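The values are calculated or read from the model by the stated rules, or taken from the named source; none is laboratory data. Computed from a predicted model, the values in this text were never measured in an experiment. No Cβ is skipped: glycine too gets one built from the backbone with ideal geometry, and neighbour counts run over all protein chains shown. SASA here: full protein model, heavy atoms, side chains in, ligands and nucleic acids out. Shrake-Rupley method; radii C 1.70, N 1.55, O 1.52, S 1.80 Å.
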Amino acid sequence: MSAITGVFKRELRSYFATPVAYVFIVIFLVLSSAFTFYLGNFYERGQADLMPFFNFHPWLYLFLVPAVSMRLWSEERKSGTIELLLTLPITMWQAVVGKFLAAWAFIGIALALTFPLWITVTYLGNPDHGVIVASYIGSMLMAGAFLSIGSCISASTRNQVVAFILTVVVCFALVMAGFPLVLDAFRAWAPQGLVDAIAGLSFLTHFASISKGVIDLRDLLYFLLMIGFWLYASAIVIDLKKAD
Amino acid sequence: MIETHALGKRYGEFTAVDGITFKVEPGQVLGFLGPNGAGKSTTMKMIAGFLAPTSGTAKVCGFDIASQALEAKRVLGYLPEGAPSYGEMSVRQFLDFIADMRGVDRSVRDRRLDDAIGRLQLEAVLEQPIDTLSKGFKRRVGLAQAIVHDPKVLILDEPTDGLDPNQKHEVRTLINAMSRDKTIIVSTHVLEEVHAVCNRAIIIARGRILADATPAELEARSRYHQAVSLTAGNLMAAREALSRVPDVAAIEVDAQDGRLTAFPKPGRQIFTAVSDALREQNIVVRELALEGGRLDEVFRTITQGTAAKEATA
């Protein structure tokens, strides 16, 4: 059995060994439905699609994903199990990826449990299933990007609350990167090229284009590179910080 | 086999481990002694592959810890300080996980698990979450995970810390039983442990090796080595008699229990002379003992002696 699978299985099982998993899943389902029906006016719009559902995912993830990622490494460091884990015959990379995939799969399970909405909209009308599948893929990718950021920040502190708050802030900045709130801070002094580059980092823009049903290679690549970059950073941070 | 060469670890200006070189052969149990913060744990963490050394090298069974890290980790069993484990897992799940990660072969897996569970007497708590166990059991779970793959090299950081005397005895018996074909390093600051399990001891302070010898050799450095201690009814008479023995260099009386200790001149044996002198004077002796030497005294002399020297330098 490969090392990544071993870490993955242990990690995923540990979510369900504590109430964390159940609390998270229930809250996620309740909030995503509440947003869809009340804020998104799912019925009133009279359209057979899941836009009102997926539109709120960036905001939902902004608070819920850091709640999952905050314990990823800070708990290992706090309890000392990081020493146990990293002296097993596995590489740092396998440990980082194994733990990340477990957290991602966990969010995937929560996301998959929203399938009744899909059934509902299919029952009520005749939605474009391609768009829905694309949106689910986009949502999953975005969750992965949030998680990888959380993984890196969680590696840098042994305090979970600090990890949570910092992750929310960084993710918020990235979600809002295409909007004046963030761009105005740069526009005054930075060259236009940099401002455009920052705008291009926005989660919202990339997610929005995927959830329209267009799976553009650039959007896929954006999220995958984002995940790769932050996981690589995680490994470096763990290496630097594991001694203290 | 473990071999280190000028192994060192610096954190910025602070040197935690300052060029440690030693070699441990199979069958040896090496005791790491030293005050808190001496660099014992850091050295062990480097050999176990958790921390990267900033200078020097170490080899575990011939595998370099930097360039052949995975091979080195594979032949090694490690109990980190404080015996950390995943609290939400049951003992069985945890050991299964370690066995999987260690790549224990399917054909011997059950036997290895049963062996580790049996040796540490974990049968009764197998299905319990580790979080709910007592400190003693947690430590034993930590030891079980270190031996589950039958490693050639064992590194145990304070394996008996926090155990009661019976549990300490059991762990020492376990280490002795495993020592025949394994290379074992044990760190401790319980000096009696050195006698109980180690056939070699290294004393570390401020990141440097200050002594490397067998426990008996270390004791021979003690002022108390070959000294004679006794308790007598007539203390003054006994003291008087001892002072006339030619090879006695000094006599001390313990203010608390009135025990008398006669120290020999260097290299001399005084036991027979002392007991003859007491008999001649008809002094009633309640107890008469030949001292082997006191490790705690040697430990203090070695570790504090250099501190004083460095302070004046």
Inset, instruction - Calculate how many DSSP beta bridges within the protein assembly as shown are antiparallel, expressed in % of all such bridges and rounded to the nearest 5. - result: 65 percent
Legend entry - chain A: relative contact order as a whole-number percent, Cα under 8 Å and 6+ apart: 26 percent
Inset, instruction - When you have a sec, figure out the Kirkwood radius of the range A:151-209 from all distinct Cα pair distances and drop it here in Å to one decimal? - result: 12.5 Å
Legend entry - Cross-link pairs A:K78/B:K73; A:K99/B:K23; A:K9/A:K212; B:K168/B:K265; B:K23/B:K168; B:K45/B:K138 - those with Cα-Cα distance over 31 Å: A:K99/B:K23; A:K9/A:K212; B:K168/B:K265
Legend entry - Normalised contact order of chain B, rounded percent, pairs of Cα under 8 Å and 6 or more residues apart: 20 percent
Inset, instruction - Only counting protein heavy atoms at a 1.4 Å probe, give the residues of the range B:58-93, ordered by number, whose accessible area falls by 40 Å² or more when the other protein chains are present relative to the chain alone. - result: B:L70, B:K73, B:P84, B:Y86, B:E88
Inset, instruction - Mind pulling the per residue volume of the convex hull built on the Cα atoms of the protein assembly as shown? Å³ is fine. - result: 212 Å³
Legend entry - the range B:216-238 and the range A:141-164: distance between their alpha carbon centers, rounded to Å: 63 Å
Legend entry - Solvent-accessible area, 1.4 Å probe, carbon plus sulfur percent, for the range A:2-241: 73 percent
Inset, instruction - Kindly express, to the nearest 10 degrees and within the range 0 to 90, the angle between helix A:160-175's C-alpha long axis and the longest C-alpha principal axis of chain A. - result: 40 degrees
Inset, instruction - Please calculate the 1.4 Å probe accessible area of B:E287, with all protein chains present, and give it to the nearest 10 Å². - result: 80 Å²
Legend entry - Cβ charges +1 (Lys, Arg) and -1 (Asp, Glu), total dipole of chain B, debye: 520 debye
Legend entry - Euclidean distance between Cα centres, the range B:96-166 to the range A:16-91, Å: 34 Å
Inset, instruction - Please give the per residue accessible area of the protein assembly as shown, computed with a probe of 1.4 Å over protein heavy atoms only, in Å². - result: 45 Å²
Legend entry - Degrees separating the helix B:135-147 axis from the principal Cα axis of chain B, which is the longest one: 70 degrees
Inset, instruction - Nearest 100 Å² is fine: how much accessible area is buried between B and A, summed over both sides, with a 1.4 Å probe? - result: 2300 Å²
Inset, instruction - Given the options A:Q192, A:Q47, A:Q94, state which has the largest fluctuation in a GNM of chain A using a 10 Å cut-off (strictly under) for Cα springs. - result: A:Q192
Legend entry - Acute angle (nearest 10 degrees) that the helix A:57-69 long axis makes with the longest principal axis of chain A, alpha-carbon atoms: 20 degrees
Inset, instruction - Using just the helices of chain B, give the 222 nm mean residue ellipticity in deg cm²/dmol: DSSP H runs with n ≥ 4 each add -39,500 (n - 2.57), and the total is spread over all residues, rounded to 500. - result: -11000 deg cm²/dmol
Inset, instruction - Determine the calculated [θ] at 222 nm for chain A from helices alone, applying -39500 (n - 2.57) to every DSSP H run no shorter than 4 residues and normalising by the residue count; nearest 500 deg cm²/dmol. - result: -24500 deg cm²/dmol
Legend entry - Counting DSSP beta bridges with both ends in chain B, the antiparallel % (nearest 5): 65 percent
Legend entry - Protein accessible area in the range B:1-52, 1.4 Å probe - carbon and sulfur %: 51 percent
Inset, instruction - Could you please state, rounded to a whole Å, how far the C-alpha centre of the range B:39-89 is from the C-alpha centre of the range B:241-278? - result: 49 Å
Inset, instruction - Output the residues of the range A:8-45 meeting this criterion: accessible area (heavy atoms, 1.4 Å probe) in the chain alone minus accessible area with all protein chains in place is 10 Å² or greater. - result: A:R10, A:R13, A:S14, A:A17, A:T18
Legend entry - Rg to Rh, two decimals, where chain A supplies the alpha carbon set and Rh follows Kirkwood: 0.99
Inset, instruction - Using a 1.4 Å probe on the heavy atoms of the protein chains only, list every residue of the range A:85-115 that has 10 Å² or more less accessible area in the complete assembly than in its chain alone. - result: A:L85, A:L86, A:T87, A:L88, A:P89, A:I90, A:T91
